[in-house]
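I have placed the structure first, in the form of structure tokens, so that the comments after it can refer back to it.
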Amino acid sequence: MARNKITIVGAGNVGATAAHIAATRQLGDIVLIDIVKGLAEGKALDMAEAAPVQLYDCNMVGTLDWKETAGSDIVIITSGLPRKPGMSRDDLLAKNTQIVKDVSEKAAKRSPDSIIIVVCNPLDAMVYAAGKVTGFSKNKVMGMAGALDSARFCCFLAAELGVSVEEIKCVLMGGHGDDMAPLPRFTSVGGIAITELLAEEKIAELIQRTRNGGIEVVNLLGFSAFYAPAAGVVKMAEAILKDKKSVVSCCAYCDSEYGVGGYFVGVPAVLGKSGVERIIELDLTESEQTALEKSVEHVRKLAAKVDELL
């Protein structure tokens, strides 16, 4: 049986790390593409040479040529300018819109049946751009944000409670940024809601740290996080390629769902071989709905700017 084919656009920290994780999980053959001569080729070769030690079987190709990507099942877009200290995700909008536009056009041409997962920021706006440019069915375009934000929230909760990260399941909604909306009521530890285990003030503190999770890493490193984002996007790719029907918080297209009205926002979704197979609609409280609407309004404003740039 033919292997799955995964193209990862951008051989920087996120792209190369995602390629390595996908290889170790044996998700399929991998094409790593970049505009910098030697970067994708060198990293792909290095990973290929690690295969006999780590015992993964896949073809690992590094290239400048989009012809190598033809017929991909999944295209992961990590290319784009990263954040630096003092920058917000929104600061990247104009330059990254043009990058995502160019990449999306090439991906759609070479792999018209692929599923697109966007990683670059500002995330929700870049998914919107990819959706418009490719013209793909809305279930086949999505963004990796909730998987990352959920991981951060779980990490902080596990440390606070002194429990395994495996015990924690959480739900986040809204845009990827300062106005994301974690939902403590739907976040549990071994099936027990965290509202039963932590004081409201402590939960609020951990939520705020989650919202600031990206810039916390940027301020420490001087550049964006990459291990956790790469792990998050591979989790999504694996759910799709293996038709796992996994419930993942991710940036997905919502129309009537939650009253969003036709934008890509963070929601809990079922991921399988068709991409986003279903949006899970939760019965939100008034305060939860208000937080989501605030976040969605920010996404709408970014999308309007993207429309002007495309």
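Taken as a whole, the range 219-226 holds at least one residue that is surrounded by fewer than 22 Cβ atoms within 10 Å (Cβ to Cβ), part of a helix (DSSP H, G or I) and touching a residue at least 24 places away in the same chain (Cβ under 8 Å).
Mind listing whichever residues of the range 52-73 are among the polar types (S, T, N, Q) and more than 23 Å from K242 (Cα to Cα)? Once the filter is applied, which keeps residues that are among the polar types (S, T, N, Q) and more than 23 Å from K242 (Cα to Cα), the range 52-73 yields only T63. Set side by side, the residues K138, K101, K132 differ, and just one is in contact with a helix residue (DSSP H, G or I) (Cβ under 6 Å, 6 or more places away or on another chain) and open to solvent by 20 Å² or more (accessible area, probe 1.4 Å), which is K101. Return yes or no: is V306 β-branched (V, I, T) and closer than 13 Å to P122 by Cα? It is true that V306 is β-branched (V, I, T) and closer than 13 Å to P122 by Cα. Only helices (runs of 4 or more DSSP H) whose full extent lies in the range 111-217 are considered here, and the ones with at least 1 residues that are under 29 Å from K273 (Cβ atoms) and among the β-branched types (V, I, T) are 123-134.
Name the one entry in A11, A19 that is over 17 Å from F223 (Cβ atoms), modelled with pLDDT of 95 or more and either aromatic (F, W, Y) or open to solvent by less than 50 Å² (accessible area, probe 1.4 Å) (or both). Outline the logic, then answer.
On the way: A11 fails: over 17 Å from F223 (Cβ atoms).
One residue alone meets the criteria, A19.
What's the total number of residues in the range 63-77 that are open to solvent by less than 50 Å² (accessible area, probe 1.4 Å) and acidic (D, E)? Here the count works out to 0.
Here A11 qualifies as in contact with a strand residue (DSSP E or B) (Cβ under 6 Å, 6 or more places away or on another chain) and under 15 Å from V119 (Cα atoms). Among the residues of the range 67-86, the ones that are farther than 25 Å from A239 by Cα and in contact (Cβ under 8 Å) with a residue 12 or more places away in the chain come to 6 in all.
Among the residues that make up the range 79-98, is at least one of them modelled with pLDDT of 95 or more, buried (at least 16 other Cβ atoms within 10 Å of the Cβ), under 19 Å from the mean Cα position of the chain (by Cα) and part of a loop (DSSP other than H, G, I, E, B)? Scanning the range 79-98 turns up no residue that is modelled with pLDDT of 95 or more, buried (at least 16 other Cβ atoms within 10 Å of the Cβ), under 19 Å from the mean Cα position of the chain (by Cα) and part of a loop (DSSP other than H, G, I, E, B).
A quick yes/no check of all residues on (1) in contact with a helix residue (DSSP H, G or I) (Cβ under 7 Å, 6 or more places away or on another chain); (2) farther than 20 Å from K273 by Cα; (3) open to solvent by less than 40 Å² (accessible area, probe 1.4 Å):
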{"position": "A2", "(1), (2), (3)": "no, no, no"}
{"position": "G15", "(1), (2), (3)": "no, yes, yes"}
{"position": "G28", "(1), (2), (3)": "yes, no, yes"}
{"position": "V61", "(1), (2), (3)": "yes, yes, no"}
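Among the residues making up the range 31-62, a single one is farther than 20 Å from A107 by Cα, touching a strand residue (DSSP E or B) at 6+ places or on another chain (Cβ under 7 Å) and in a loop (DSSP other than H, G, I, E, B): C58. A single entry from T210, T195 fulfils the requirement of being touching a strand residue (DSSP E or B) at 6+ places or on another chain (Cβ under 8 Å) and of a type in the set (S, T, Y): T210. Going by what's in this entry, would G191 be described as crowded, with 16+ Cβ neighbours inside 10 Å and either at pLDDT 95 or above or more than 16 Å from A159 (Cα to Cα) (or both)? No; evaluated as a whole, the condition is false for this residue. Annotation for the range 112-125: at least one member residue is open to solvent by 20 Å² or more (accessible area, probe 1.4 Å) and either of a type in the set (D, E) or more than 13 Å from the chain's Cα centre (by Cα) (or both). Considering the range 255-291, the residues that are in contact with a helix residue (DSSP H, G or I) (Cβ under 6 Å, 6 or more places away or on another chain) and aliphatic (A, V, I, L, M) include one that is farthest from M236 (Cα to Cα), namely V260.
The values are calculated or read from the model by the stated rules, or taken from the named source; none is laboratory data. Keep in mind the model is a prediction, meaning the values are calculated, not measured. Note that we place each Cβ from the backbone using ideal geometry, even for glycine, and neighbour counts take in every protein chain shown. SASA here: full protein model, heavy atoms, side chains in, ligands and nucleic acids out. Shrake-Rupley method; radii C 1.70, N 1.55, O 1.52, S 1.80 Å.
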